[in-house]
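In what follows, a structure is listed as structure tokens, so that the remarks can point back to it.
The values are calculated or read from the model by the stated rules, or taken from the named source; none is laboratory data. Predicted model only: the values in this text are computed from it and were never measured. With ideal geometry, Cβ positions are generated from the backbone for all residues, glycine too; neighbour counts draw on all protein chains shown.
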Amino acid sequence: MKGIFIVNNSFFEKLKTGLAKTRNSLTKNLDNLVFGKKVLDRELFEKLEELLITADMGPQFAHDLINDVKERIGRHELQNTAQIKKILQERMVGILRQMEKPLTIPKGQPFVIMAIGVNGSGKTTTIGKLANLLGSDGHEVMLVAADTFRAAAIEQLEVWGNRVQAPVIKQKINADPAAVVFDALAKVKTGYRGVIIIDTAGRLHTRVNLMEELKKIRRVIGKDLPGAPHEILLVLDATTGQNAVIQAKIFKEEIGASGIVLTKLDGTAKGGVVIRIASELALPVRYIGVGEGLDDLRVFESNDFVTALLE
């Protein structure tokens with residue numbers, strides 16, 4: 001038990017370090033905004049709204065927060081600017097807690113995860129880290145190289161497979177991605193009862209033909225294994241800020257994304273985007289990534305995230 005606490009504490013410190021850019025931008029500006037300010041007036045509200053939107057938390061969250069502050073003033077629950085930070089923290093935790101839904105993967109039966117996302121989001125690396133995380137929890141894991149357009153993508157997945165000791169199902173370059181998936185699902189018919197993680201090509205969400213191919217892969221999975229894919233995991237790069245929100249909307253509507261992994265939180269001042277994704281899209285944040293290491297992917301916990309962001 002002691003060892004687990006140390007690991008978690010170590011990850012929290014890494015999360016706190018990773019969110020430093022976001023925290024410095026948000027809290028420093030917030031502190032500057034309210035420092036020495038006695039009156040809660042219109043100018044303060046306008047600057048606060050601008051600050052929250054700049055932090056990629058989105059106009060809806062900013063609007064709701066300011067309305068909350070105004071209502072509390074009306075009820076005489078708020079007397080000074082210093083309390084604004086506490087209300088911000090409460091609202092952030094309230095939104096994120098609703099989206100804190102860890103992926104539940106039963107053991108002893110096939111569970112298919114289809115990983116999707118645009119080029120450069122860190123998808124293949126995330127798959128490798130997820131395979132390691134699940135393997136540590138006693139799951140059998142198989143990887144599927146359904147990004148057949150780039151030899152490098154297949155090779156990268158094989159490197160991860162070797163690293164985490166997970167077999168990789170593949171075909172030659174430019175093979176039909178759905179055919180690779182079909183090969184992997186054939187393993188279920190011969191008794192495989194573990195997790196299958198499917199790596200798909202980095203989809204440019206504006207390219208209709210590529211989105212159609214993802215739909216085809218999903219249909220092949222569902223036809224061969226009713227009820228699957230059990231999770232369509234969208235990998236988003238936090239450094240892209242509101243572009244990540246646009247991607248999430250399209251992938252949710254077009255492909256049915258059911259959960260999110262937010263990567264590269266250690267390299268951005270836009271970590272607040274997780275608030276916007278959660279509040280506007282109601283998509284659970286399953287995991288977050290804060291580094292390149294094998295253990296730098298963890299289950300998302302709202303309290304830890306908000307504490308690391310604001311304190």
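Test residue 144 against the stated conditions and say whether it is assigned to a strand (DSSP E or B), of a type in the set (Val, Ile, Thr) and buried (at least 17 other Cβ atoms within 10 Å of the Cβ).
Taking the combined requirement at face value, the residue satisfies it.
Residue pairs whose Cβ atoms lie under 6 Å apart, separated by 6 or more positions or on different chains, with the first residue in the range 156-177 and in contact (Cβ under 8 Å) with a residue 24 or more places away in the chain and hydrophobic (A, V, I, L, M, F, W, C) and the second part of a loop (DSSP other than H, G, I, E, B) and crowded, with 18+ Cβ neighbours inside 10 Å, are 175/148. Filtered by the rule that a residue be modelled with pLDDT under 80 and in a helix (DSSP H, G or I), the range 11-42 gives a lone residue, 34.
Scanning the range 214-246 for residues that are within 30 Å of residue 18 (Cβ to Cβ), in a loop (DSSP other than H, G, I, E, B) and either in contact with a Gly (Cβ under 6 Å, 6 or more places away or on another chain) or small (Gly, Ala, Ser) (or both) returns a single hit, 241.
If you go through the range 189-199 and pick out every residue that is out of contact with any Gly (no Cβ under 9 Å at 6 or more places or on another chain) and more than 15 Å from residue 143 (Cβ to Cβ), you end up with 3. Return yes when residue 105 is within 28 Å of residue 287 (Cβ to Cβ), in contact with a Phe, Trp or Tyr (Cβ under 6 Å, 6 or more places away or on another chain) and modelled with pLDDT of 90 or more and no when it is not. Yes, satisfied. Taking residues in the range 92-108 that are farther than 24 Å from residue 23 by Cα, and partners anywhere that are aliphatic (A, V, I, L, M) and in a helix (DSSP H, G or I), the pairs with Cβ atoms closer than 9 Å and at least 6 places apart or on different chains are 105/134. Listed conditions (1) over 23 Å from residue 149 (Cα atoms); (2) crowded, with 23+ Cβ neighbours inside 10 Å are all met by residue 242, apart from (2). Candidates 257, 228, 278, 244: the one that is free of Cβ contacts under 8 Å to residues at least 40 places away in the same chain and either touching a strand residue (DSSP E or B) at 6+ places or on another chain (Cβ under 9 Å) or acidic (Asp, Glu) (or both) is 244. Counting residues in the range 154-173 that are out of contact with any helix residue (DSSP H, G or I) (no Cβ under 9 Å at 6 or more places or on another chain), surrounded by 16 or more Cβ atoms within 10 Å (Cβ to Cβ) and among the β-branched types (Val, Ile, Thr) gives one or more.
Being of a type outside the set (D, E, K, R) and either modelled with pLDDT of 95 or more or closer than 21 Å to residue 140 by Cβ (or both) holds for only one residue in 241, 202, 222, and it is 222. Evaluated against (1) crowded, with 16+ Cβ neighbours inside 10 Å; (2) small (Gly, Ala, Ser); (3) out of contact with any Asp or Glu (no Cβ under 6 Å at 6 or more places or on another chain); (4) under 24 Å from residue 256 (Cβ atoms), residue 222 falls short on exactly one condition, (1). If the condition is being in contact with a Gly (Cβ under 8 Å, 6 or more places away or on another chain), not in a strand (DSSP E or B) and not polar (S, T, N, Q), then the range 247-266 contributes 251, 264, 265, 266. Regarding residue 210, is this residue among the hydrophobic types (A, V, I, L, M, F, W, C), outside any helix (DSSP H, G or I), modelled with pLDDT under 95 and surrounded by fewer than 21 Cβ atoms within 10 Å (Cβ to Cβ)? Here the answer is no, as residue 210 does not meet what is asked.
For the range 169-221, the candidate set comprises residues that are touching a strand residue (DSSP E or B) at 6+ places or on another chain (Cβ under 7 Å) and among the acidic types (Asp, Glu); within that set, the residue that is farthest from residue 122 (Cα to Cα) is 183.
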